[in-house]
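Participant: Take this structure first; my questions come after.
All of the numbers you see were taken from the coordinates with simple rules; none came from a lab. Please read these numbers as outputs of a predicted model, since none were measured by experiment. No Cβ is skipped: glycine too gets one built from the backbone with ideal geometry, and neighbour counts run over all protein chains shown.
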Amino acid sequence: MTTISDPDELVAAAEPLLLDKEKSRFRLAVAVCVGLTLFALLNATAAVYLYRGINDLRAIEARLEDLGQFEQRMSARLDTVNNGFQSRFEALDDRLRASFGEVNATIARQAPDMSENHGGDMPRVVELPSPAEDTAAVASAADDQPAVEEMPRVTRRRPAPAVPPAPSSNYQRSVSPEGKVTYHKIN
């Protein structure tokens with residue numbers, strides 16, 4: 001037996017309903033709830049990390065304040081040490097100036113003696129005390145005794161000034177019998 005049916009009804013009966021109104025609303029509600037739950041978890045995690053970060057920043061700020069106080073203490077101590085060194089250097093400077101004044105006075109007293117041999121071809125002769133006599137002079141100066149006039153005179157020669165090096169390796173140095181240094185170019 002053969003039955004004839006309408007072809008439109010067969011297509012509708014073969015395909016299930018994909019977008020049922022009740023099921024689609026339920027799926028949409030579930031998707032929105034899952035998304036909101038994930039967003040809430042993300043916000044809670046961010047809040048925990050933010051709270052920890054704020055606590056770490058507060059701890060660092062407290063340590064920085066301690067560091068500022070430490071810096072002030074160190075600056076005060078360095079100023080104290082600097083003032084101590086500065087006062088010692090000033091005292092040393094005063095002693096050196098006094099010593100140089102004494103040396104200048106001694107040289108001024110001996111200047112007429114040295115002016116006899118000034119100029120000419122003869123080397124300049126300066127009389128200086130020996131090192132042993134220098135220590136005796138220092139000891140006697142401590143007793144405020146004028147030991148400079150009492151010391152015997154010792155004659156010493158000054159060493160010749162240092163000769164500058166040759167300008168380059170293309171020059172040869174020669175010294176004349178008079179002690180004059182000249183440079184000759186090598187070809």
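Participant: Determine Rg/Rh for the stretch 74-114; Rg is computed over alpha-carbon atoms and Rh is the Kirkwood hydrodynamic estimate from the same atoms.
Facilitator: With Rh from the inverse mean 1/r over Cα pairs, Rg/Rh is 1.42.
Participant: Right, another one. Å³ per residue of the Cα convex hull, for the stretch 50-94?
Facilitator: Each residue corresponds to 37 Å³ of Cα convex hull volume.
Participant: Round to the nearest 0.05 the FRET efficiency obtained for residue 105 and residue 82 when R0 = 41 Å and r is the Cβ-Cβ distance.
Facilitator: E(calc), rounded to 0.05, equals 0.75.
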